[in-house]
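**Q** Before I ask anything, let me first share the structure, which is written out below as structure tokens.
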Amino acid sequence: MSNSIFTDTLKGIKRERPPVWFMRQAGRVLPSYLELRKQHSFRELMLSPELAAEVTLLPVTDLGVDAAILFSDILIIPEALGMDLKFTDKGPIFDAPLQDAGNQFSSLKADSSKLEHIYKALDIIKKQKPADVALIGFCGAPFTVFCYMVEGNSTNHNFSNAIRLFYNNPKLSAQILETITELSIEYATTQADHGIDLFQLFETHAGLIPSEMYIERILPYVKRITNSVRTKNIPVTFFPKGLGTGLAHINHDIADFAGIDWQYSLTEARALCDTKVGVQGNLDPRILSIDNQDILKAELEKYKAFGKQNYNWIFNTGHGLSPDNKLENVKFVVDWVKNTNWDRD
Ligand code: CP3
């Protein structure tokens, strides 16, 4: 047993409570983040190793979470491949999405120097973070990154242009996925070399295609990325949002933990995934926007039976926090997880 509930849980050691953190815990609800955003653009915060380190650690002080996730974005991989990216009020926008021409794809070339600031940020975070707080690195999983590169933005939630190319041109799709995977492997393993405790692969848009097709055409790329990190002895969480019953394929060859989205039952997900795979999740983040904390508390109480029996479980939301979540509700969840008697024998 160590002084970190988070790293002990990663190792399968039974602790008195589940560790807690939230996807998108930094850049959403914190007044301290919103204050920094008045002075700096999102890009400035991401590109400066000092500022990115500062933002990464804000939720540790302001919320009391057990882990900090690197402050960056999944779309820096397409940017490092040479695609022009803007973060706007309407979300991320690529100037020249790959949707209509393979020739745009052939001009892409990886420039690893564009990722250097991330490694510098990790070094600073490692020095500044409390010893018992885990540091999580991440990148986007290949299909989600493909969706953004082809569609060019997220205003069309169906990503219909990306899906059309995926069906229409499997060969070009595979080439794009291969390019994403190769750079993601370099990026992920270098994050591992810079001292992260856990790596998370975000597949936010797994649910846009049939799960059997996801397993057949995408999971092999996922496996290459996750296992490249695991060869460095760093555990990996894979978050395939919307994969549904496809979770049955998330075995220990793929990941150490599976992130479960809010649509799926945590108990059923537990039954579907390989017993050697831990689970993370899965409170619906939208409940963090309500006024009545008694309702929130009742929702949390439902996790008690699960948490009593399951030690390889990390408490989290079933998707990222959103800007309309209430700070006091997010704090309430952290305190509740920490102060509950989980009655683990
Ligand atoms: O706590 C954190 O915020 C951690 C850092 C983080 C960001 N993006 C910062 C960010 C992480 C882990 C991500 C992941 C990410 N980015 C995902 C996967 C997780 C998920 O929520 O589904 C996806 C799909 C993206 C792509 C992306 N980046 C979108 C769709 C947007 C715009 C809408 C939005 O979510 O805010 C971004 C911009 C972005 N990434 C912001 C932040 C803090 C907002 C920038 C701002 O302040 O204007």
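The values are calculated or read from the model by the stated rules, or taken from the named source; none is laboratory data. Only a predicted model underlies this, so the values are computations on that prediction, with no experimental measurement involved. Cβ: placed from backbone, ideal geometry, glycine included. Neighbour counts: every protein chain shown. SASA here: full protein model, heavy atoms, side chains in, ligands and nucleic acids out. Shrake-Rupley method; radii C 1.70, N 1.55, O 1.52, S 1.80 Å.
**Q** Six or more apart or on different chains, Cβ atoms under 7 Å: show the pairs whose first residue is in the range 42-71 and in a helix (DSSP H, G or I) and whose second is acidic (Asp, Glu) and open to solvent by 10 Å² or more (accessible area, probe 1.4 Å).
**A** Final answer for the pair search is MET46/ASP73; LEU51/GLU44.
**Q** Of all residues in the range 256-280, how many are farther than 13 Å from HIS319 by Cα and open to solvent by 50 Å² or more (accessible area, probe 1.4 Å)?
**A** The total comes to 6.
**Q** What number of residues in the range 1-36 are open to solvent by 50 Å² or more (accessible area, probe 1.4 Å), at pLDDT 95 or above and outside any helix (DSSP H, G or I)?
**A** Total meeting the criteria: 6.
**Q** Identify all residues within the range 198-216 that are more than 11 Å from the ligand (Cβ to nearest atom), closer than 16 Å to PHE238 by Cβ and open to solvent by 20 Å² or more (accessible area, probe 1.4 Å); write none if there are none.
**A** Within the range 198-216, GLY207, SER211, ILE215 qualify.
**Q** Answer yes or no: is there a residue in the range 82-97 that is of a type in the set (S, T, N, Q) and more than 30 Å from ASN310 (Cβ to Cβ). Before you say what the answer is, go through the steps one by one.
**A** Restricting attention to the range 82-97, the residues satisfying the condition of being of a type in the set (S, T, N, Q) are 88.
This time we only want the ones that are more than 30 Å from ASN310 (Cβ to Cβ), so: 88.
Yes: the range 82-97 contains one or more residues that are of a type in the set (S, T, N, Q) and more than 30 Å from ASN310 (Cβ to Cβ).
**Q** Which residues, taken from the range 53-67, are closer than 21 Å to TYR187 by Cα and within 9 Å of the ligand (Cβ to nearest atom)?
**A** VAL55, THR56
**Q** Now a separate question. So which of ASP291, ASP253 ends up being at pLDDT 95 or above, over 28 Å from SER184 (Cα atoms) and either among the charged types (D, E, K, R) or open to solvent by 60 Å² or more (accessible area, probe 1.4 Å) (or both)?
**A** Values: ASP253 fails: over 28 Å from SER184 (Cα atoms).
Of the residues listed, the single one that is at pLDDT 95 or above, over 28 Å from SER184 (Cα atoms) and either among the charged types (D, E, K, R) or open to solvent by 60 Å² or more (accessible area, probe 1.4 Å) (or both) is ASP291.
**Q** Considering the range 10-52 alone, what residues qualify as being in contact with a helix residue (DSSP H, G or I) (Cβ under 9 Å, 6 or more places away or on another chain), of a type in the set (A, V, I, L, M, F, W, C) and within 10 Å of the ligand (Cβ to nearest atom)?
**A** Once the filter is applied, which keeps residues that are in contact with a helix residue (DSSP H, G or I) (Cβ under 9 Å, 6 or more places away or on another chain), of a type in the set (A, V, I, L, M, F, W, C) and within 10 Å of the ligand (Cβ to nearest atom), the range 10-52 yields TRP21, PHE22, MET23, ALA26, VAL29, LEU30, LEU36, LEU45, MET46, ALA52.
**Q** Is it true that some residue in the range 113-122 is within 21 Å of the chain's Cα centre (by Cα), among the aromatic types (Phe, Trp, Tyr), open to solvent by less than 70 Å² (accessible area, probe 1.4 Å) and farther than 18 Å from LEU85 by Cα?
**A** Yes, the range 113-122 contains a residue that is within 21 Å of the chain's Cα centre (by Cα), among the aromatic types (Phe, Trp, Tyr), open to solvent by less than 70 Å² (accessible area, probe 1.4 Å) and farther than 18 Å from LEU85 by Cα.
**Q** Separate question: Out of the residues in the range 228-283 that are of a type in the set (Asp, Glu) and in contact with a His (Cβ under 8 Å, 6 or more places away or on another chain), state the one that is nearest to ASP8 (Cα to Cα).
**A** ASP274
**Q** Whether any residue in the range 177-194 is open to solvent by 10 Å² or more (accessible area, probe 1.4 Å), within 16 Å of the ligand (Cβ to nearest atom) and not charged (D, E, K, R) is what I want to check.
**A** no
**Q** Another question, if that's okay. I'd like to verify a number: residues in the range 91-102 that are more than 8 Å from the ligand (Cβ to nearest atom) and open to solvent by 20 Å² or more (accessible area, probe 1.4 Å), how many? Full working, then the answer.
**A** The first filter runs over the range 91-102 and keeps only residues more than 8 Å from the ligand (Cβ to nearest atom), leaving 93-102.
Next, from what is left, pick out any that are open to solvent by 20 Å² or more (accessible area, probe 1.4 Å): 93, 95-97, 99-102.
Residues flagged as more than 8 Å from the ligand (Cβ to nearest atom) and open to solvent by 20 Å² or more (accessible area, probe 1.4 Å) within the range 91-102 amount to 8.
**Q** Could you go through the range 75-84 and let me know if any residue there is under 23 Å from SER322 (Cβ atoms) and within 9 Å of the ligand (Cβ to nearest atom). Step through it out loud before you land on a result.
**A** Initially, the range 75-84 is screened for residues under 23 Å from SER322 (Cβ atoms), giving 75-76.
Next cut, within 9 Å of the ligand (Cβ to nearest atom) only: 75.
Yes, the range 75-84 contains at least one residue that is under 23 Å from SER322 (Cβ atoms) and within 9 Å of the ligand (Cβ to nearest atom).
**Q** May I pose another question? Would you check which residues across the range 37-50 are farther than 15 Å from TYR119 by Cβ and surrounded by 18 or more Cβ atoms within 10 Å (Cβ to Cβ) and list them? First the steps, then the outcome.
**A** Narrowing the range 37-50 to residues farther than 15 Å from TYR119 by Cβ: 37-45.
Answer for the range 37-50, where residues must be farther than 15 Å from TYR119 by Cβ and surrounded by 18 or more Cβ atoms within 10 Å (Cβ to Cβ): just LEU45.
**Q** Read through the list (1) away from the ligand (no atom under 11 Å from the Cβ); (2) farther than 20 Å from GLN200 by Cβ; (3) open to solvent by less than 40 Å² (accessible area, probe 1.4 Å), then give the number of the only condition that LYS129 fails.
**A** (2)
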